[in-house]
């Protein structure tokens with residue numbers, strides 16, 4: 001029985017992973033259940049056993065990663081002593097999951113570029129949840145006089161957008177660096193380096209310095 005449960009979980013995860021790949025490559029409309037079944041090496045009935053229809057599968061694909069990111073950030077926040085540590089955790093956790101699921105950023109960008117035409121309510125709720133978490137971190141930073149001049153939505157776009165584009169443009173950046181000798185496209189930069197760079201720059205922008213503290217006093 002335990003083995004069957006493990007097999008079922010593995011099969012479901014395989015379907016979600018392959019569906020993410022096909023959705024990000026071809027878009028929602030052009031991706032079929034037949035294709036997903038073929039790539040996943042399962043029959044269509046198996047997919048419909050786990051997911052009611054293509055829309056439900058799409059929702060599961062997007063929500064699975066967003067929820068995992070949210071839960072990981074929540075867990076990390078418990079270990080952080082300040083909003084600054086929480087902000088670093090948010091950025092680096094999001095970056096880690098995007099690297100682990102490289103088709104997710106492409107799928108998210110495709111969805112946003114399509115004005116959310118196929119955006120499932122569950123995924124929309126996950127996105128609001130993630131944004132709400134960042135907003136809370138930034139608000140606490142302002143209340144503790146650690147951050148100033150906070151615009152949560154702009155900062156959210158700066159963080160999430162930069163990481164999404166860094167992941168999805170890697171093939172293009174590698175190709176460009178090979179054509180344009182000496183042009184730094186950061187094609188060899190690790191996600192750890194990039195996420196730390198983003199954190200340090202946003203930290204520098206948001207932190208209240210001694211001069212500002214004196215002025216406020």
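The values are calculated or read from the model by the stated rules, or taken from the named source; none is laboratory data. This structure is a prediction, so every number in the text was calculated from the model and none was measured. Don't worry about glycine lacking a Cβ; one is built from the backbone with ideal geometry, like all the others, and counts go over all protein chains shown.
Go through region 27-53 and count every residue that is part of a helix (DSSP H, G or I), in contact (Cβ under 8 Å) with a residue 24 or more places away in the chain and in contact with a helix residue (DSSP H, G or I) (Cβ under 6 Å, 6 or more places away or on another chain).
Residues that pass the stated criteria total 4.
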(request) Inspect region 62-80 for any residue being free of Cβ contacts under 8 Å to residues at least 12 places away in the same chain and surrounded by 14 or more Cβ atoms within 10 Å (Cβ to Cβ) and give the result as yes or no. (result) yes
(message) I'd like to know if region 4-26 contains one or more residues that are in contact (Cβ under 8 Å) with a residue 12 or more places away in the chain, part of a loop (DSSP other than H, G, I, E, B) and under 28 Å from residue 117 (Cβ atoms).
(response) no
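For residue 167, indicate whether it is under 18 Å from the mean Cα position of the chain (by Cα) and at pLDDT 95 or above.
Here the answer is no, as residue 167 does not meet what is asked.
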(request) Look through region 83-116, keep the residues that are part of a loop (DSSP other than H, G, I, E, B) and out of contact with any helix residue (DSSP H, G or I) (no Cβ under 8 Å at 6 or more places or on another chain), and return whichever of them is modelled with the highest pLDDT. (result) 114
(message) Which of the numbered conditions does residue 142 fail, given that it passes all the others? Conditions: (1) surrounded by fewer than 14 Cβ atoms within 10 Å (Cβ to Cβ); (2) out of contact with any helix residue (DSSP H, G or I) (no Cβ under 7 Å at 6 or more places or on another chain).
(response) (1)
(request) Could you please tell me which pairs satisfy a Cβ distance under 8 Å, a separation of 6+ or placement on different chains, a first residue in region 140-161 that is at positive phi, and a second residue that is in a loop (DSSP other than H, G, I, E, B) and surrounded by 15 or more Cβ atoms within 10 Å (Cβ to Cβ)? (result) 145/208
